[in-house]
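K.L.:
Have a look at this one before I ask anything.
The values are calculated or read from the model by the stated rules, or taken from the named source; none is laboratory data. The structure displayed is predicted, hence computed values, not measured ones. Here the Cβ is made from the backbone with ideal geometry for all residues, glycine too, and neighbour counts use every protein chain on show.
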Ligand code: BGC
Ligand code: CA
């Protein structure tokens, strides 16, 4: 009997042990969060969007390493189809994703998506293609993360104006006191196409330098389309073109391809872009592109990812404007500082 009494505490421990182990494993399960994020991009093969997407993937990996949370990041390609994009968003919402991020195919079609996300009580983060304010205002957990398009245009204009002031004849080859330019625009209806086109020329003019537009057309953000367009303009205007203003770096690189292919070396026009993509930065460093405006994909991705994980916790460095909008500033890139961007 005495021996039995001594055994009682051990028996109790043995009896309690499975429960204790169970509690422990439940506790462990509870602390590992799984966050499911659905992203739909207008085109995966867009250079800037591809770079922003890979930063999102990096952010997800970093968070997994630092917190032990499991992040499921599902990035889908809408292939320029708004109806395909709507289906992708429906899919994310029906599977109860924790957050949905949308890079609109048609930025005027956001209301339907906002409405669906609101009904599902799911945070919704638009990026890069800015919906109109009244659509975003419909849902308290709807945000837009992007950049101030007008600022990028202004920086492009300032790059040209500075180069002109330093050495007018390096741009105004015919010495008529005006810069004859051609403009390669992004997709029509995109806020960046409209505002960069307007503000780049405005900034040149505001610096006191006159301009004359020879031609403008869209090349839909794409390098090959820009090459084709630029070839036509070279045939038509030849050496009269003194500057090529491009709404993004890919089109600037396309214009440079056309200039190179035409064998035009002496008195080449200056070319400016926007983005500061890796090939864009190389062109600035080797002097074929005069400059660009840095479109900070890395910080935009960090802010988007932060909102997905914590929709209420917006960053102090980039405060919300009008309750829903976050704009990451552009920076001027020229040959002197290109190294610092990558
Ligand atoms: C970028 C372009 C890109 C476009 C896609 C713009 O902000 O500058 O390079 O093609 O967004 O929406
Ligand atoms: Ca001139």
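K.L.:
Condition check: farther than 30 Å from residue 313 by Cβ, buried (at least 21 other Cβ atoms within 10 Å of the Cβ) and either at pLDDT 95 or above or within 16 Å of ligand 1 (Cβ to nearest atom) (or both). Does residue 219 satisfy that?
P.N.:
When the stated conditions are applied, residue 219 passes them.
K.L.:
Among the strands (runs of 3 or more DSSP E) confined wholly to the range 277-342, which include 3 or more residues that are touching a residue at least 60 places away in the same chain (Cβ under 8 Å) and more than 28 Å from residue 134 (Cβ to Cβ)?
P.N.:
Hits in the range 277-342: 291-294, 331-334.
K.L.:
Looking at 192, 148, which one is surrounded by 24 or more Cβ atoms within 10 Å (Cβ to Cβ) and within 28 Å of the chain's Cα centre (by Cα)?
P.N.:
192
K.L.:
Cβ-Cβ below 6 Å, separation at least six or inter-chain, first residue in the range 120-135 and touching a residue at least 12 places away in the same chain (Cβ under 8 Å), second assigned to a loop (DSSP other than H, G, I, E, B): which pairs?
P.N.:
123/141; 123/311; 127/103; 128/103; 129/103; 129/104
K.L.:
Can you find a residue in the range 159-176 that is under 30 Å from residue 108 (Cα atoms) and part of a loop (DSSP other than H, G, I, E, B)?
P.N.:
No, the range 159-176 has no match at all.
K.L.:
Do we find that residue 254 is in contact (Cβ under 8 Å) with a residue 40 or more places away in the chain, part of a helix (DSSP H, G or I) and farther than 19 Å from residue 103 by Cβ in this structure?
P.N.:
Yes, satisfied.
K.L.:
Criterion first (farther than 14 Å from residue 245 by Cβ and within 16 Å of ligand 2 (Cβ to nearest atom)) does residue 210 satisfy it?
P.N.:
yes
K.L.:
Determine which member of the set 183, 104 is within 16 Å of ligand 2 (Cβ to nearest atom), within 22 Å of the chain's Cα centre (by Cα) and either at pLDDT 95 or above or not assigned by TED's automatic domain parsing to the domain that holds residue 223 (or both).
P.N.:
Residue meeting the stated conditions: 183.
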